[in-house]
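Down below is the structure, laid out as structure tokens.
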Amino acid sequence: MTPEEFTIPDFAELQRLMQRHCHTADVQHALKGDRIDISGLAALLSPAAENLLPQLAARSARITARRFGRTIQIYAPLYLSNFCINRCAYCGFSAGNKIDRRVLTLEEAEQEAMILLGRGFKHILLVAGEAPARLGVDYLAELATRLCNRFAAISIEVQPLEEDEYARLFAAGITSVAVYQETYDRGIYAQVHHAGKKCDFDYRLATPARAAAAGMREVGIGALLGLADWRLDGLAMGMHIAWLRKHYWRTALTVSFPRLRPAEGGFQPLVKVNERMLTQMIFALRIFDPDVGLLLSTREEARFRDGMVGLGPTRYSAGSCTAPGGYAHPELTGEQFSVGDHRSMQEVCADICQKGYDPVRKDWDATFQIKDSGAAMSAPAL
Amino acid sequence: MMQIVCNDEKKEIRPETTLIAFLSELGVKPDTVFVECNGVIIKRDEYETLVLPEGARLELIRFVGGG
Amino acid sequence: MLTIAGRTFRSRLFGGTGKFSSPKVMKEALDASGCEMVTVALRRVDLANPADDIMSVLDRKKFLFLPNTSGARDAAEAVRLARLARAAGGGEWLKLEVTPDPRTLLPDPIETLKATEILVKEGFIVLPYMNADPVLALRLQDAGAAAVMPLGSPIGTNQGILTAFQIAIIIEQARVPVVVDAGLGAPSHAAQAMEMGADAVLVNTAIAVAGDPVRMARAFALAVEAGREAYEAGLGERREDAAASSPETGLDFLR
């Protein structure tokens, strides 16, 4: 078993799979089962399920409550750098864009983290464009070492790395890795990734597995909605999740559904994904995998995020700034995208409480992470 | 005569007795058992040539019914 | 078709060879069962009855022997028995069982995992008998087990599948085939395991001690086939909770 063994059928084949399971009866069947397989997921993502959206919501809500209780995890992104060697049509950090570029020094990054800590965050997501010469594994390892005793969880969303690099970051205190395929449609993928290492579809596809193989506690996958057929990207993510579960059972999994937001470069979505479509996708994946963490970021508006509390998503970002250094210096520009929910973390949490849910700021302590399991095992018993 | 131990029972054999001869004296068909001699598993093609040493500890084992 | 370690099996019923009233009855029952793999045990030759070789009635071309390590109380004993079985011409296939508690004959998870790690390295095709513990199943799989054999209920109890909830998780998670072993006392139990998606079942006592073992063997074969067919056909699911026909979940916030 190697990370490279995961493959995704081409979209024509996924389309045929969906067409075989796109009748109302298929949707009703999928809503009845305790566990559904990939054909059930296809039915829930199909146009036939649109008319049954309330039923999908009800089932998704029940499953979510049973597995996660009345809780929503809270985190904040910490943007470290907006340098990027890739040219991606949809991204504000794309190498061709004229934006203020900076990479935070370790001290600046620490300062940003301390601001988030002061605001009550215990889970941070370190984000950077892909420019390994400016921000590489050494940087991340050093920053993780400095932060891991102060934060409960430290995730990264940076360039894809090798398995041994992930292992090194895990040892330094990084708990989870997010790496989004953006789209599983090879044709569209090639169309929107113009230059840079990100053009290698297969290397990126194997990245979540590499992170899991390295021992990460959690791995996140995702598709950027607005590029390809969202139904088929949803199906592909279901397949990806199922494969990762089978092969890396120790690693918890999450899925993100970022919808394209206005960004530098003025890219217009290739397909329109409205809120109803987004919710259908969330409900379908929740019903398909009761245990997967589902993220809903500040790309979405407060109204939508409040409405979705309890229906499927389990983790919300809050108070986000997507420009490096933006927490200490709100006047800074150079953001990845403009956010849709401008509330502070306290406001987000208050609204979650209002809905009868508990905003959870941590559910693990990175400081408990055993960096060298061999040494820990040989330590005298308490 | 000399002594060996087979499946924890003491047995008297003549010197220079081969394994195959010993099995036949016991009434055991050689192809239905396999033999460990002093902790070493004996290959089937050595049954005819192996001369049992004084004090040898033999284990005669076979497949039986089991779930 | 069922494939374990590269070998395919038409029948998803595995038989046992213990507890039959005679070799003749055993042979007839196993023939009637259609099974292609049978477990066998290793024992010292009984010097008082040295000609008593019941296994010779079975055609080794027809039945793949799956030697077990029954009687082993720890990993070291199991490894020794496994090596002996291989030397005895048992091939690489092995049903690993480590049962330190003589009363229940429940398997020791720690010793079983240890023995699996050793035996896989030595080239054995290891099928460990285990309690229905999903994490243990994954650990055994990761250690290289060719299949996992969770128990339905303790050996010889005929209690059926008391561990259904855990076995369902094992079936859902495992990459290797899942063979439900032990405790299947009636064909309906075997059918239940197969309906749940088990890849195969192993039955010994219930056939061996039946009033008519040959007919019971046939009954199990039919049950296994029926259960598998039902699984593949896709069972209508039982409702786990009453679903309101007009759900109240509000989606009014959507634009």
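Quick note: the coordinates plus some simple rules give every number you see, no bench work behind them. None of these values were measured; they are calculated from a predicted model. Ideal geometry is used to build each Cβ from the backbone, glycine not excepted, and the neighbour counts take in all protein chains shown.
List the Cys residues of chain A that have no partner Cys with a C-beta closer than 4.7 Å.
So far as the 4.7 Å Cβ criterion goes, A:Cys22, A:Cys84, A:Cys148, A:Cys199, A:Cys321, A:Cys349, A:Cys353 stand without a partner in chain A.
What's the center-to-center distance, using Cα atoms, between the stretch B:2-44 and the stretch A:103-137 in Å?
That distance is 75 Å.
I want to make sure I understand the PRE zone here: with the label point 7 angstrom from the Cα of C:Arg255 toward its beta carbon, which residues in the stretch A:275-310 have backbone N atoms less than 12 Å away?
A:275-276, A:300-305
Once Lys and Arg get +1 and Asp and Glu get -1 on their Cβ, which of A:Gln268, C:Met55, A:Leu244 lies farthest toward the positive end of the dipole of the protein assembly as shown?
A:Gln268
Go ahead and set up a Gaussian network model of chain C, Cα springs under 10 Å, then flag whichever of C:Val79, C:Val98, C:Val126 fluctuates most.
Result for chain C, Cα springs under 10 Å: C:Val79 fluctuates most.
Using a basic spin-label model with each label point 7 Å from the Cα along Cα→Cβ, how many nm lie between C:Gln159 and A:Tyr203?
Taking the simple label geometry, C:Gln159 and A:Tyr203 are separated by 5.6 nm.
Which residue, chosen from C:Leu64, C:Ala82, C:Leu42, occupies the Cα position most advanced towards the positive end of the dipole of the stretch C:41-82, where the dipole is computed from +1 (Lys, Arg) and -1 (Asp, Glu) charges on Cβ about the Cα centre?
Highest projection toward the positive end goes to C:Leu64.
Give the share of C-alpha pairs in each 10 angstrom bin for the stretch A:198-292, from 0 to the last occupied bin, in whole percents, shortest bins first.
P(r) over the stretch A:198-292, rounded to whole percents: 15, 44, 32, 9, 0.
Could you give the distance between the Cα centres of the stretch A:226-271 and the stretch C:44-102, to the whole Å?
Cα centroid of the stretch A:226-271 versus Cα centroid of the stretch C:44-102: 51 Å apart.
Suppose R0 equals 60 Å; then what is the FRET efficiency for A:Lys355 and A:Asp100 from their Cβ-Cβ distance, rounded to the nearest 0.05? Please report the intermediate quantities before stating the final value.
Values: r = 38 Å, r/R0 = 0.63.
That gives a FRET efficiency of 0.95.
Provide the three semi-axes, in whole Å and in decreasing order, of the ellipsoid equivalent to the protein assembly as shown as defined by the square roots of 5 times the Cα gyration tensor eigenvalues. All intermediate terms of the calculation are to be shown ahead of the outcome.
Details: eigenvalues 698, 180, 86 Å².
Value: 59, 30, 21 Å, ordered largest first.
What Kirkwood Rh does the stretch C:1-160 have if only Cα atoms enter the pairwise 1/r average? Answer in Å. Could you put the intermediate results ahead of the total?
Details: mean 1/r = 0.0614 Å⁻¹.
With all distinct Cα pairs of the stretch C:1-160 included, I get 16.3 Å.
So, counting K/R as plus one and D/E as minus one, what does the shell of residues with Cβ under 13 Å around A:Cys199 add up to? It would help to have the intermediate numbers written out before the result.
Numbers: positive: A:Arg87, A:Arg186, A:Lys197, A:Lys198, A:Arg204; negative: A:Glu130, A:Glu182, A:Asp200, A:Asp202.
With Lys, Arg at +1 and Asp, Glu at -1, the neighbours total +1.
Would you kindly work out the equivalent ellipsoid of the stretch C:161-218 from its C-alpha gyration tensor and give its semi-axes, the square roots of five times the eigenvalues, largest first in whole Å?
The answer is 23, 10, 9 Å, longest axis first.
Which whole-number percent gives the relative contact order of chain A, counting Cα pairs below 8 Å spaced six or more residues apart? Numbers along the way, then the final one.
Working: 755 pairs, mean separation 94.8, N = 382.
After rounding, I find 25 percent.
Take every Cα-Cα pair in the stretch A:3-128 and report what % of them are more than 25 Å apart.
Values: 4639 of 7875 pairs.
Everything past 25 Å amounts to 59 percent.
Quick one: dipole size for the protein assembly as shown, taken about the Cα centre, charges +1 on Lys/Arg Cβ and -1 on Asp/Glu Cβ, in debye to the nearest 20. Each step should come with its number before you reach the end.
Details: 78 positive and 87 negative charges, 180 e Å.
Magnitude of the dipole: close to 860 debye.
For the stretch A:3-364, what is the charge dipole size about the Cα centre, in debye to the nearest 20, if Lys and Arg each add +1 at the Cβ and Asp and Glu each add -1 at the Cβ? All intermediate terms of the calculation are to be shown ahead of the outcome.
Values: 42 positive and 42 negative charges, 188 e Å.
Taking the Cα centre of the stretch A:3-364 as origin, the dipole is about 900 debye.
Given the convex hull over the Cα atoms of chain B, what projected area results after averaging over all orientations, in nm²? List each step's numbers first, then the result.
Values: hull surface 18.9 nm².
About 4.7 nm², averaged over all directions.
On average over all directions, what projected area in square nanometres does the stretch C:131-175 have, based on the convex hull of its Cα atoms? Show your work: numbers first, answer last.
Numbers: hull surface 12.0 nm².
Mean projected area for the stretch C:131-175: 3.0 nm², to one decimal.
Using a Gaussian network model of chain A with C-alpha springs under 10 Å, which one of A:Ile85, A:Ile74, A:Ile154 is most mobile by mean-square fluctuation?
Its mean-square fluctuation being the largest, the pick is A:Ile85.
Considering only DSSP beta bridges where both residues belong to the protein assembly as shown, give the percentage that are antiparallel (nearest 5). All intermediate terms of the calculation are to be shown ahead of the outcome.
Working: 23 of 79 bridges.
The antiparallel proportion sits near 30 percent.
Explain nothing, just the number: relative contact order of chain C, from Cα pairs under 8 Å at least 6 residues apart, as a whole percent. Don't skip to the end; give the middle numbers.
On the way: 494 pairs, mean separation 47.7, N = 255.
So the answer I get is 19 percent.
What's the magnitude of the charge dipole for chain B around its Cα centre, counting Lys and Arg as +1 and Asp and Glu as -1 at the beta-carbon? Answer in Debye, nearest 20. Write down the numbers at each step before the final one.
Details: 8 positive and 12 negative charges, 28 e Å.
So the dipole magnitude of chain B works out to roughly 140 debye.
What nm value, rounded to one decimal, do you get for the distance between B:Ile41 and A:Asp138 when each label is placed 7 Å out toward the C-beta?
Each label point is offset 7 Å from its Cα along the Cβ direction, giving 5.5 nm.
What FRET efficiency comes out for the pair A:Arg66/C:Val57, r = Cβ-Cβ distance, R0 = 60 Å, nearest 0.05?
Values: r = 54 Å, r/R0 = 0.89.
Approximately 0.65, to the nearest 0.05.
When chain C is treated as a GNM, springs tying every alpha-carbon pair under 10 Å, which of C:Ala210, C:Ala72, C:Ala223 comes out with the largest mean-square fluctuation?
C:Ala210
Once the convex hull of the C-alpha atoms of the stretch A:43-86 is built, how many Å³ does it hold per residue, rounded to a whole number? Show your work: numbers first, answer last.
Values: hull volume 7.2 nm³, N = 44.
Taking only Cα atoms, the stretch A:43-86 has a hull volume of 163 Å³ per residue.
Using a Förster distance of 60 Å, how high is the FRET efficiency between C:Glu229 and A:Lys362, based on the Cβ-Cβ distance and rounded to 0.05? Don't skip to the answer; put the middle values down first.
Numbers: r = 49 Å, r/R0 = 0.82.
Here the calculated transfer efficiency is 0.75.
What percent antiparallel are the DSSP beta bridges of chain A, to the nearest 5?
Details: 3 of 36 bridges.
Here the antiparallel bridges make up roughly 10 percent for chain A.
Explain nothing, just the number: relative contact order of the stretch A:213-343, from Cα pairs under 8 Å at least 6 residues apart, as a whole percent.
On the way: 181 pairs, mean separation 31.8, N = 131.
After rounding, I find 24 percent.
Please figure out what share of the DSSP beta bridges in chain B is antiparallel and state it in percent, rounded to the nearest 5.
Values: 12 of 14 bridges.
About 85 percent, rounded to the nearest 5.
For every other residue with a beta carbon closer than 9 angstrom to the beta carbon of B:Thr32, add +1 if it is Lys or Arg and -1 if Asp or Glu, then tell me the sum.
Values: positive: B:Lys29, B:Arg62; negative: B:Asp31, C:Asp53.
Neighbour charge sum, excluding B:Thr32 itself: 0.
Thinking of the stretch A:114-166 as a set of Cα atoms, what percent of all their pairs are more than 14 Å apart?
55 percent
Averaged across C:37-45, how many Cβ atoms of other chains sit within 10 Å of each residue's Cβ atom?
Numbers: counts 0, 3, 4, 6, 6, 6, 7, 9, 15.
Across the residues of C:37-45, the mean count of other-chain Cβ atoms within 10 Å is 6.
For the pairs A:Lys122/A:Lys198; B:Lys10/C:Lys19; B:Lys11/C:Lys27; B:Lys29/C:Lys19; C:Lys62/C:Lys95, flag any whose C-alpha to C-alpha distance is greater than 27 Å.
Values: A:Lys122/A:Lys198 30 Å; B:Lys10/C:Lys19 30 Å; B:Lys11/C:Lys27 35 Å; B:Lys29/C:Lys19 23 Å; C:Lys62/C:Lys95 18 Å.
Too far apart for the 27 Å limit: A:Lys122/A:Lys198; B:Lys10/C:Lys19; B:Lys11/C:Lys27.
Label C:Arg10 and C:Glu77 with points 7 Å out from Cα along Cα→Cβ: what is the distance between them in nm?
A separation of 3.9 nm, rounded to one decimal place.
State log₁₀ I(q)/I(0) for chain A at q = 0.06, 0.07, 0.10, 0.12 Å⁻¹ as given by the Debye formula over alpha-carbon point scatterers of equal weight, solvent excluded.
Evaluating at q = 0.06, 0.07, 0.10, 0.12 Å⁻¹ gives log10 I(q)/I(0) of -0.21, -0.29, -0.61, -0.90.
In Å and from the alpha-carbon atoms only, list the Rg and Dmax of the stretch A:1-73.
Rg then Dmax for the stretch A:1-73, in Å: 14.8, 41.
Which ³J(HN,Hα) values in Hz, rounded to whole numbers, follow from the phi angles of the stretch A:299-312 under the Karplus curve 6.51 cos²θ - 1.76 cosθ + 1.60, where θ = phi - 60° and Gly and Pro get x?
4, 8, 6, 4, 4, 5, 5, 5, x, 7, 4, x, 8, x
With 10 angstrom as the radius, rank C:Thr17, A:Thr279, A:Thr2 by how many other C-beta atoms surround their C-beta, starting from the fewest. List each step's numbers first, then the result.
Numbers: C:Thr17 29, A:Thr279 24, A:Thr2 11.
Arranged by neighbour count, lowest to highest, C:Thr17, A:Thr279, A:Thr2 become A:Thr2, A:Thr279, C:Thr17.
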